[in-house]
Amino acid sequence: MIKAVYLFAILSFALVSCQTEKNVKKYPATIGDIEFDRKLDNADFKKCGSEKWRHFSFQYYQGTKEFSYKGEKIAVTEKLKKENIYSEKKINGYITVRFLVNCEGKTGLFRLQHMNSDLKDTLLDEELENKLLQFTKSLDGWMPKDIKGLKVDYYQYLTYKIENGKVSEVLP
């Protein structure tokens with residue numbers, strides 16, 4: 001009887017281990033990696049690095065915390081003011097555009113997220129979101145990052161705080 005219980009325990013462990021191994025492979029290398037989507041992304045945008053490192057991009061919390069834009073965040077804010085982007089709707093919330101900056105300072109893999117003031121996923125104003133996405137794509141002053149002598153790809157995001165249909169703040 002003890003041998004049967006022991007054998008059952010070993011087989012159960014082996015089965016669970018096999019299940020876990022299968023699940024691991026379907027997840028990206030790093031939480032939050034953006035996968036290429038030919039419907040959304042420019043096929044000419046390329047990640048940098050050797051084949052070994054091409055699939056790895058630094059997140060904002062991995063040594064790339066500073067805002068690396070020519071003229072810093074104030075330059076982005078001033079350009080946004082000149083564009084005069086707003087919504088006719090008196091909406092409040094947040095629109096975040098997340099993207100990858102490669103080792104040449106070029107951008108791609110743009111993704112959008114929208115939330116209301118209570119931070120719940122809500123479509124605010126599709127026209128405003130598209131304008132802010134196009135504005136973010138037009139920013140061409142992103143600087144390559146260097147970590148320990150190696151130029152790297154990194155994720156960047158801009159969150160636009162919307163109050164009464166207008167951008168009141170650019171975060172981070």
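Coordinate-derived values only; no laboratory data. Everything numeric in this text was worked out from a predicted model, so none of it was measured. Reconstructed Cβ throughout: ideal geometry from the backbone, glycine too, with neighbour counts over all protein chains shown.
A simple charge model with +1 on the Cβ of Lys and Arg, -1 on the Cβ of Asp and Glu and nothing else charged puts the dipole of segment 86-172 at about 260 debye relative to its Cα centre.
Backbone amide hydrogens, once placed in the peptide plane, bring Asp153 within less than 5 Å of Cys48, Phe58, Cys103, excluding anything fewer than 5 places away on its chain. Given a Förster distance of 30 angstrom, what is the FRET efficiency for Glu127 paired with Lys148, based on the Cβ-Cβ distance and rounded to 0.05? E(calc), rounded to 0.05, equals 0.10.
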